[in-house]
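Laboratory data are not the source of any read-out in this text; all were calculated from the coordinates shown. Model, not experiment: these values are computed from the prediction. We place every Cβ from the backbone using ideal geometry, glycine too, and count neighbours over all the protein chains shown.
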Amino acid sequence: MLAIRNVSRIFGGLVALDKVNINIRKGEIRGLIGPNGSGKTTMINVITGFYVPSSGTIHFNDKDISGQSPYNITKQGLVRTFQNINLFSDMTAIENVATAYSLHMKNNLFSTVFNTSFFRKEERRSFEIAESILDFVGLKDKKDLRAKNLPYGQQRLLEIGRALATEPRLLLLDEPVAGMNDQESDEVAGLIQKLRDNGKTILLIEHHMKFVMSLCDKLTVLSSGNVIAEGTPREIQNNEDVIRIYLGKRRTVNAAH
Ligand SMILES: Nc1ncnc2c1ncn2[C@@H]1O[C@H](COP(=O)(O)OP(=O)(O)OP(=O)(O)O)[C@@H](O)[C@H]1O
């Protein structure tokens, strides 16, 4: 579904990604891990069009998307969430999701300005869809609360809800459980599994080892812009190179976090 071939990204003299190859199959949950500064965020930014690759290609469903704008890439079903909360804080939960859906559907200016019956119908539909998405992410009973009044974990769930409103086929989650307690991260893990069961493909960056090890089908490990290992969580836990790069922090990858 996603084929990253020989992708490099250079900032000045710094090689943030060095001829990276990654292939992601439809329906898998892939984790991208690696120490700070190893190139994970740069990889997501390159995939989603926020950065243009210095060289190499990215194909999504067999189509070359390298260097396309983030807007165009999102429209094709490759959608991301951000490390930091990125909600309309004064809007309610349902408004946040409905807005994301409407923007995705792009009501034309004419119908918006003149408030035609078409627009009113579309608006009703966007709220119906938003409600079903909130139900899916477990926030239906919070739909009328302002985003800023939700606890942190629920704000992150709402962000995933906003991403779902743009009808992704491949969802990229940037540190989805950063700062969450165990119960909150279990909820996110359950949601990601449910997404996969509904036909989505997931690529996630996460430092929380227990989370990625229990959730992901396969892991790709970056170190200094290079893929140093790829395999099942069990294979990665036993990989000498991976254990070595994590040794500075903890004794084994398995024990981390
Ligand atoms: N816009 C930029 N300009 C210059 N250097 C950058 C830029 N973005 C990233 N880098 C550098 O590229 C390297 C990879 O950074 P990146 O943020 O992708 O790593 P990361 O694995 O996501 O780290 P973390 O886990 O801390 O988020 C780092 O050395 C970083 O300083």
Among G161, N21, F136, pick out the residue whose Cα is farthest towards the positive end of the charge dipole of the chain, where Lys and Arg carry +1 and Asp and Glu carry -1 on C-beta, about the Cα centre.
N21
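Evaluate the charge dipole of the range 33-188 about its Cα centre and quote only its size in Debye, nearest 20, assuming +1 on the Cβ of each Lys and Arg and -1 on the Cβ of each Asp and Glu.
Numbers: 17 positive and 19 negative charges, 107 e Å.
Magnitude of the dipole: close to 520 debye.
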Space enclosed by the convex hull of the alpha-carbon atoms of the range 103-234, per residue, Å³
146 Å³
If one compares the long axis through the Cα atoms of helix 182-197 with the longest principal axis of the Cα atoms of the chain, the angle in degrees, nearest 10, works out at 80 degrees
Would you mind ranking L191, L2, L172 by Cβ crowding within 10 Å, fewest neighbours first?
L191, L2, L172
Counted charge near N61, where neighbours are those whose Cβ lies closer than 10 Å (Asp, Glu -1; Lys, Arg +1):
+2
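Go through the range 40-80 and name the chymotrypsin sites (Phe, Trp or Tyr not before Pro) that are in a DSSP coil and have 14 or fewer other Cβ atoms within 10 Å of their Cβ.
Values: sites: F50, Y51, F60, Y71; in loops: F50, Y51.
Those that pass, being in a loop and sparsely packed, are F50.
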Zone of S55 (label point 7 Å along Cα→Cβ, backbone N under 19 Å): which residues in the range 8-38?
8-22
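Can you tell me the length gained on complete extension of the stretch T99 to Y71, counting 0.36 nm per residue apart and subtracting the Cα distance?
Residue separation times 0.36 nm, minus the Cα-Cα distance, leaves 8.5 nm.
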Could you line up M91, M43, M209 from fewest to most neighbouring Cβ atoms inside 10 Å?
M91, M209, M43
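Quick one: work out Rg over Rh on the C-alpha atoms of the range 1-101, Rh as Kirkwood radius. Mind dumping the intermediate values first?
Details: Rg = 15.1 Å, Rh = 15.0 Å.
Here the Rg-to-Rh quotient is 1.01.
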Nitroxide proxy distance, nm - points 7 Å out along Cα→Cβ at K63 and S117:
3.5 nm
Within the range 26-40, name every residue whose backbone N is under 15 Å away from a label modeled 7 Å from Cα of I228 along the Cβ vector.
33-40
Quick one: 3J(HN,Hα) in Hz for the range 5-16, Karplus 6.51/-1.76/1.60 with θ = phi - 60°, rounded, Gly and Pro as x.
10, 6, 7, 10, 9, 10, 10, x, x, 8, 8, 7
